[in-house]
Structure formats: structure tokens, C-alpha cells
Amino acid sequence: MKKVIIELKNVYKEYVTNYTKVLALNDINLKIYENDFIAVVGPSGSGKTTLLNIIGALDKPTKGKVIFKEQDLTELSDKELSKYRAENVGFVFQTFNLIPSLNVLENVKLPSYFSSKKIHEKKFYEILDLVGLKERIFHKPLQLSGGEQQKVAIARALINDPVIILADEPTGNLDSKSAESILRIFLTLKESGKTIVMATHNLRLLDHVTRIIYLQDGAIINEVIK
Amino acid sequence: MRSLSKYRISISNIRRNKLRNSMVILSFILAVLLGSIILGPVYGIQNYYVKTVNEAGFNVIAIFSGNFASSSGSFVPPTKYLNISTVSYIEKLENVYAVAPVFLAGYFVFGNKSAYLVGTNSQMKQIATLDIFKGNFVGDSPSNSQFIKVDLGYNVWNYLLKGIDVNQTVSLSLIIPYGYSYKTVDISLKVIGLLKERPKIPSINVDPNNIIIANIYDVFNFLNFTNYNLVPLDAIFVSAKDFNSIDSLESNIIATLKNLGFTKDKDYSIISQKDALYYINNVFSQFYRFLNIIWAAILSISSLSILIVMFITVRERYKEIGTLRAIGARKIDVLTMILVEAFVLSLIGVVIGMVLGYIILNMLKFYYAFMQTVTDSIIILTYSVIVPEILVSSIVFSLYPAYIASKVAPSVALRYE
Ligand SMILES: Nc1ncnc2c1ncn2[C@@H]1O[C@H](COP(=O)(O)OP(=O)(O)O)[C@@H](O)[C@H]1O
Ligand SMILES: [Mg+2]
């Protein structure tokens, strides 16, 4: 039996705006196991981003529990959640979200500024080598293509050796060729034992993942385990 | 202790919006410039006055015949004059260090300049902290010779009687009051000492560099005064033992003079160095209250500029703040990063302002004589007052935008376009 890393129990997320209530997550129950590669699919607005944000503790559920190492994340303070994100989670976004004033190397170093984990200087170069950007370390994000920027973002997500990588439509802003190379990186990561949850529209990926979760109107309507 | 490396992000951000940040830096440059140009000269002038009063003598209490500072601004002649016997009463008081009579016998004319002949005693040297450049100071007993022994003020031996030296004699025409008019008498002087230059004392008309000092009895004898006690003195200068006993000695003198039948502010007026310092500082503190309003206006310009710009900056970087939070930055990290950015921005402006301010204050010295009072140490003093105020207000005013940044909900910020 594989080890459960994170477990969501009866998670609801409701957004209340001036005019309406939106139930972005509707009674989600999900166990994420070690070395899972989960694809979260579903139409736009189905709650994929909300789900990733709750797993990554960027957002709190309206109701329900998020268990990590026997601890309910919904009970933690902002400071403790920051520590959780810094040490256990690596985020990759659709829009890359690099800091434009910092160069590639500095962007990759960024998470180490907020974590107490000691990171050897050598590791920054190893990870940049892994994503194939060793030659571009002093370039600013705007001097890179979208695919290259996303590689920097992946390197940034990996630097703290996270327990889980959360990728929100990482190929959504990329041409098919760049998307292909990004997916290959994720597959390599899976091979090396990483746990990944990825919201995606990319059907090519679905052949390679371990589980597929289908979301609709905030609820899991189907789950495929391979 | 978390790593300080995160503040590299703050620093790197400064280069980002050059135009906007230049405006902020400019407002801080202006704040320092205006602050130092307005406050620097005032500090300089105050310092100059305080210094000259301090240098005017050793814990001096000056008693002048008549109402020296009457409200009409003119000299009101007294009904009872200070005289040599008054000196002996004051000498006996507690805490007295030295007492000297002052008798302005008349003046010498050199072209359009003049010098006073002052009769006094040897203690005047300590009281008025006169420094001898060469020779000796006049003694306490009359010289009993055809020459009156004198010390020459700095301007007298340097300009009016240029080239004169100790032990030389000189004959001059002394102009003395005579009834309601003046008369001229020839007088033979023997120079026994030359005085160093010293600052003019504010509000005292006689320039201490334009005097010729003689023993008071020599002067009395020369003018054929036989009963010394009947000769009206112009002033009596008293030194207290120490600065703290000035006030008590001053009130003892007032009491003694009252017993002797003198009416204060009619027959005599009295002012001490302490009074003068108090007066100067009082005038300046009123002035500062006024300047503080202007200073507050200047400060508010730089403070508002940092407030507004940091607000725009935070708004613009919503998504980045969300990203940093996703990476693990705590609220306090976001807060301090914004504060550091604001602080560095203002510091750049302040440093440039300090350099420019120094240059401008020194350039103004060529155009305005009073700017000479703004010495390097006055400039440092000025900066030590205004720079901390500017930097602190900059931090205070960027606290709110920084707080807003730290409160940004990361999930919302990440959706921000
Ligand atoms: N801050 C918010 N306020 C109100 N509604 C929101 C907010 N964030 C997301 N939603 C709504 O929640 C639903 C799920 O959104 P999201 O998780 O972004 O879906 P997906 O990523 O699958 O497109 C959508 O209907 C969206 O409009
Ligand atoms: Mg989404």
C-alpha cells in the first residue's frame, strides 16, 4: 500500500460575491499518494485552480479538512502555512509568474530566501541543467520564450525539494512544441519519484499519468486509476 | 534569522520603473535640499551668536550706567552713576571671580575709522577673555610717567597704527566730551601689549578690536580728575566663579546696588552671558516653531510621494506578491520587502540631496556673508536633524501600502491580471 501524502476530506469552497454564491468545490474527497501523477481535467470554471490552491494552502476551504502529515492545514496560522508552502509545495502556473526584475538564476533561488532549508549553491546549477537552461542563467525572464520561462518556473518549483508539485495548466500558454518539452520534464520528474498534481487540458498527457480526476461544477464526477 | 537575500528583490525592483522612482528620489532630494538650505543658515547664525556670547568673556555680568536697552532704543542718562567705589562693593560679594571698571575716556580718529580709549584694570583680561598677541596687559597701579601704558586692539595695531610694536611710543589726539561739546587733547602713549583678534559682541557697539586699553587711574590722572569716586563709569564688568553661580551673583549685585541707592533699569542695566544666551535661544526657538511648519510641509511632499508611489507599486505587483506568497513568503516578508524598497528609494534621494546640499550651501557662501556661519559641522548638525526625520517619515508613510501588500490574499492575487 502506497503512502498518503495529502488527504482532502469533504472539502467545500464557496465564493460569495455581491450578487451570487459560487460553489467552486463541492464535497471533494481525495487522497494523494506518494509518486502519484494526477491529471485534473474539466471545463473552465469547474474548480481545478481552486482545488490546487487548497492543496497548496493558498486558500482555505469553506468546509472540510486538508490533512498533511496528520495535521489539518485548515487549522494552521498564516505563518505556518507559509512554512508549509515553502518547504513542501512547488507551484507551477499557467502564466509562469517569474519575477521580471530578477534573472533566471535569481528566480530559481527565490524559494530559498523564504525557507530554512539549506540549499547548496551547486544545486541551482544542477536544476537549471536539468531543465536545459544552464546557458541562460543571467538572462531576464523577458529575454526568454514562453517555454523557457516555464522551465525556469519548474526549476524554481523544484529547488526546495517539495513533497508535491502543483501545476496549474502549465502548457496552457505554450505552443505545442514547447508544451511537449514541458510535459517531458514532468514525466522525468514522475520517473524520479516526485508527486505531481496537474490541472490540464492537454489530452496527450493523459496516456502517461497514474490517475485522472474529472471535475465538473466543483465536484469529482469521475476518476480513472491506471 | 531568515536570510536577508529576499531584500535583493526589493533592490532589483528599484531599477524597474525608472521614471516613477526618479520622481520619488527627486522629491527626497528636494526635501533634503530645502531642509538644509532653510535650516542650515538658521542653525549657523544661532551657533554664531551663541559662540560669540560664550567667547565674549568668562561668566560675565555686565552692568551699564543708564538704561542700556530702554524701550525707546536710545540711551537714557542716569541720575546716579556707577563709580570706582561701586566696584569695591561688588568685589566683596560671594562667587565673584573678577571685577573691572570700564571708563570710555574718549576716542581717536583715523580717517573714517575711530578707536576708543578704555580705562580699566588688569582683571579685564580674564573677564573679557582678551588674548595677548605680544607684550603684557595693563597693570592695576598708575604708571606715573609722561607716557600712558596701553594695549592695542587687533585692528588698531594691524590697520589704524599699522607697523607699531611693543615698547614704541606714539602721540595721538584724543577727542573727549567737554560740556555739551567735544575737545581735543594730545596724549602720549607707550605700547606695552598687542591684543589678538576677537569676535565683535552682538548688541555691544564698541568693537573689541578697535580699542586702546589703559589703566583707569592713568586715564583719570591724565584728565585731571582728583576725586576718583566722582567720576562716572560707563560700565562695570564682573566675572562669576562658574557658570552656575551667574544667576545668584547677578541677584546679589542687584540687591547691593539697591542698597547703594541705584534704581535698576534707570540708573543702570544689567545683563549676563547667561541672560544673553537665554535671550538668543528664546528668539531662535520662536523662529524654529515657525520654521517647523515649513519643514512639515516639505516633509509631507516627500512622504506623500513615497505613499502614492508605493501604493501604485503594490497594486501593479499584485500577481508577483501572490507568486511570492505561493513560494513561501510570509506576510511579514512581503511587508518588510516593500518597506526596504521604499527605504532604499528614499535613502538614494537623501544621499544625493546631502551631497547637493553640501555643494549648494558652500556655493552660497560666495554670495551671502551670513552663509559663512554655515560651517561643515553646522551642515552635519542640520543633516543629523533632517535626515532621520525624512527617513522615518518615509518608513511611516510606506507602512500602509506595505501593510496592504501583506494582506493580499495569495489565491486572489494570482488570478489578478
Ligand atoms: N475569488 C473568487 N470570487 C468569486 N468566484 C470565484 C473566485 N475564484 C474562483 N471563482 C469561481 O469559482 C469557480 C471555479 O474557478 P476555478 O477554480 O478558477 O476553475 P478552473 O480553474 O477550473 O477554471 C468559477 O466559477 C470561478 O468563477
Ligand atoms: Mg484555472
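For B:Ile148, what residues show an amide H to amide H distance below 5 Å, using hydrogens built from the backbone and excluding near sequence neighbours?
B:Ser188, B:Leu189, B:Lys190
With every protein chain present, what is the per residue accessible area of chain B (1.4 Å probe, Å²)? Each step should come with its number before you reach the end.
Details: 20280 Å² over 417 residues.
Value returned for chain B: 49 Å² of accessible area per residue.
Once you put a point 7 Å from the Cα of A:Ser145 and another 7 Å from the Cα of B:Leu93, both along the Cβ direction, what distance in nm separates them?
9.7 nm
Using just the helices of chain A, give the 222 nm mean residue ellipticity in deg cm²/dmol: DSSP H runs with n ≥ 4 each add -39,500 (n - 2.57), and the total is spread over all residues, rounded to 500. Don't skip to the answer; put the middle values down first.
Values: 6 runs with 68 residues, N = 226.
Only helices count here, giving -9000 deg cm²/dmol.
Full-extension gain between B:Asn17 and B:Asn112, please, as 0.36 nm times their residue separation minus the C-alpha to C-alpha distance.
Values: separation 95, 0.36 × 95 = 34.20 nm, distance 6.56 nm.
Extra length from B:Asn17 to B:Asn112 when fully extended: 27.6 nm.
Quick one: P(r) of the protein assembly as shown from all Cα-Cα pairs, 20 Å bins, percents rounded to integers, in order of increasing distance.
16, 29, 16, 14, 16, 8, 0
Counting DSSP beta bridges in region A:4-225, what percent are antiparallel, to the nearest 5? Intermediate values should be presented prior to the final figure.
Numbers: 22 of 38 bridges.
In region A:4-225, DSSP labels about 60 percent of beta bridges as antiparallel.
Taking 7 Å along the Cα-to-C-beta vector as the label spot, tell me the B:Asn229-B:Tyr416 distance in nanometres, rounded to one decimal.
9.3 nm
For region B:102-232, what is Rg from Cα atoms divided by 2.2 N^0.38 Å, rounded to two decimals? Intermediate results must be reported in sequence, preceding the final value.
Working: Rg = 13.8 Å, N = 131, 2.2 N^0.38 = 14.0 Å.
The value comes to 0.99.
Let me confirm one metric for peptide B:45-56, namely the mean number of other chain beta-carbon atoms within 10 Å of its residues' beta-carbons. Walk me through the numbers before you get to the answer.
Details: counts 0, 0, 0, 0, 0, 0, 0, 0, 0, 0, 0, 0.
That average works out to 0.
Size of the dipole of the protein assembly as shown about the Cα centre, Lys and Arg at +1 and Asp and Glu at -1 on the beta carbon, nothing else charged, in debye to 20?
On the way: 66 positive and 52 negative charges, 365 e Å.
Charge dipole, the protein assembly as shown, about its Cα centre: 1760 debye, nearest 20.
Buried by at least 50 Å² relative to the chain on its own: which residues of region A:64-78 qualify, computing accessible area with a 1.4 Å probe on protein heavy atoms?
Checking the loss per residue gives A:Asp78.
If I build a Gaussian network model for chain A, linking alpha-carbon pairs within less than 10 angstrom, which residue out of A:Phe91, A:Phe138, A:Phe124 has the largest mean-square fluctuation?
Highest fluctuation among the options: A:Phe138.
Are there chymotrypsin sites (Phe, Trp or Tyr not before Pro) in region A:10-89 that DSSP marks as loop and that have at most 16 other Cβ atoms within 10 Å, and which are they? The partial results should precede the final answer.
On the way: sites: A:Tyr12, A:Tyr15, A:Tyr19, A:Tyr33, A:Phe37, A:Phe68, A:Tyr84; in loops: A:Tyr19.
Here the chymotrypsin sites (Phe, Trp or Tyr not before Pro) that fit, given the DSSP loop and packing criteria, are A:Tyr19.
Counting only pairs 8 or more places apart or on different chains, how many lysine pairs in region B:102-232 have C-alpha atoms closer than 27 Å?
So the count works out to 29.
For B:Phe133, which sequence-distant residues (separation of 5 or more, or a different chain) have an amide H within less than 5 Å of its own amide H, given hydrogens modelled in the peptide plane?
B:Leu194, B:Leu195, B:Lys196
Given a 1.4 Å probe and every protein chain left where it sits, what share in percent of the accessible area of the protein assembly as shown is carbon and sulfur? Walk me through the intermediate numbers first.
Working: 17480 of 30610 Å².
Carbon plus sulfur share of accessible area: 57 percent.
Note down the nm distance, to one decimal, between modelled labels 7 Å out along Cα→Cβ at B:Asn281 and at B:Leu26.
Output for this residue pair reads 4.2 nm.
Take the Cα of B:Glu389, step 7 Å along the line toward its Cβ, and report every residue of region B:41-66 whose backbone nitrogen sits under 17 Å from that point.
B:41-47
Which log10 I(q)/I(0) values does chain B give at q = 0.09, 0.12, 0.13 Å⁻¹ under the Debye formula, counting every alpha carbon as one identical point scatterer?
Rounded to two decimals, the profile gives -0.70, -0.96, -1.07.
Which number comes out as Rg/Rh for region B:82-142 once both Rg and the Kirkwood Rh are worked out on C-alpha atoms?
1.03
Report the FRET efficiency, 1/(1 + (r/R0)^6), for B:Glu316 and A:Lys31, where r is their Cβ-Cβ distance and R0 is 51 Å, rounded to 0.05.
Details: r = 40 Å, r/R0 = 0.79.
The computed FRET efficiency comes out at 0.80.
The values are calculated or read from the model by the stated rules, or taken from the named source; none is laboratory data. Quantities reported herein were computed from a predicted structural model and do not represent experimental measurements. Neighbour counts run over all protein chains shown; Cβ positions are idealised from the backbone, glycine included. Please note that ligands, DNA and RNA were not included when accessible areas were found on the heavy atoms of the full protein model with its side chains. Shrake-Rupley method; radii C 1.70, N 1.55, O 1.52, S 1.80 Å.
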